[in-house]
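A.B. asks: Please see the structure below; I have some questions.
The values are calculated or read from the model by the stated rules, or taken from the named source; none is laboratory data. Only a predicted model underlies this, so the values are computations on that prediction, with no experimental measurement involved. Note that each Cβ is placed from the backbone with ideal geometry, even for glycine, and that neighbours are counted across all protein chains shown. We work out accessible area using only protein heavy atoms, side chains counted, and drop any ligands, DNA or RNA first. Shrake-Rupley method; radii C 1.70, N 1.55, O 1.52, S 1.80 Å.
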Amino acid sequence: MHTMKRWNIEIMLSEESEGEQARTWADAGLHAEDGTDLHGRGMARKHPSDSDAPEIGEELAVSRALADLARQLRQVAAEDISDNTGAPWRP
């Protein structure tokens, strides 16, 4: 028996600037068919002396949001393992 499931991750980016400083925010939302709904968040900050390369801030913010999302998903898995086995599991 072969089954497939689809989990979608939506990435939203926003940037705020004040003078030479800029911050890029990323939200990585996981929406699964089983109702799982998690959001990881990440931020990158441009130093005033950095060159203007917004894609770098986007990459850093998204990578941090995905790392946060992965941490949350491991925690959900740990709780599910504990619930199913009766023994604690730490990711």
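A.B. asks: So, in nm, how far is label residue 1 from label residue 36 when the simple model puts each one 7 Å beyond its Cα toward the Cβ?
C.D. replies: 2.0
A.B. asks: How about the stretch 1-78: which trypsin sites (Lys or Arg not before Pro) there lie in a loop by DSSP and see at most 13 other Cβ atoms within 10 Å? Write out the running numbers ahead of the final one.
C.D. replies: On the way: sites: 5, 6, 23, 41, 45, 46, 64, 71, 74; in loops: 5, 6.
When the trypsin sites (Lys or Arg not before Pro) of the stretch 1-78 are filtered for loop state and at most 13 Cβ neighbours within 10 Å, 5, 6 remain.
A.B. asks: If the label point is 7 Å along Cα→Cβ of residue 17, which residues in the stretch 48-70 have backbone nitrogen under 12 Å from it?
C.D. replies: 52-55
A.B. asks: Could you state the accessible area per residue of the chain in Å², with a 1.4 Å probe and every protein chain left in place? Could the numbers behind the result be given before it?
C.D. replies: Numbers: 6940 Å² over 91 residues.
On a per-residue basis, the chain sits at 76 Å².
A.B. asks: Residues with beta-carbon under 10 Å from that of residue 30, excluding residue 30: net charge, scoring Lys, Arg +1 and Asp, Glu -1? If you can, show how the numbers build up before the last one.
C.D. replies: Working: positive: none; negative: 10, 37.
Residues near residue 30 contribute -2 overall.
A.B. asks: Exactly which GluC sites (Glu not before Pro) in the stretch 30-91 are in a DSSP loop and have at most 11 other Cβ atoms within 10 Å? Write down the numbers at each step before the final one.
C.D. replies: Numbers: sites: 33, 55, 58, 59, 79; in loops: 33.
Within the stretch 30-91, the qualifying GluC sites (Glu not before Pro) (loop, at most 11 other Cβ atoms within 10 Å) are 33.
A.B. asks: Another one. Expressed as an acute angle from 0 to 90° and rounded to the nearest 10, what is the orientation of the C-alpha long axis of helix 54-85 relative to the principal long axis of the chain?
C.D. replies: Approximately 20 degrees, to the nearest 10.
A.B. asks: Now a separate question. Would you calculate, for the chain, the mean residue ellipticity at 222 nm contributed by helices, counting each DSSP H stretch of 4 or more residues as -39,500 (n - 2.57) and dividing by all residues, to the nearest 500? Display every interim value, and only then the final one.
C.D. replies: Numbers: 1 runs with 32 residues, N = 91.
When only DSSP H runs of four or more count, the value is -13000 deg cm²/dmol.
A.B. asks: At a 1.4 Å probe radius, carbon and sulfur cover how many percent of the accessible area of the chain?
C.D. replies: Details: 3540 of 6940 Å².
Roughly 51 percent, rounded to a whole number.
A.B. asks: Which whole-number percent of Cα pairs in the chain have a distance greater than 24 Å?
C.D. replies: On the way: 1587 of 4095 pairs.
Cα-Cα pairs of the chain separated by over 24 Å account for 39 percent.
A.B. asks: A further question follows. Quick check: net charge around residue 17, other residues with Cβ under 12 Å of its Cβ, Lys/Arg +1 and Asp/Glu -1?
C.D. replies: Working: positive: 23, 45, 46; negative: 15, 16, 18, 20, 52.
Here the count lands on -2.
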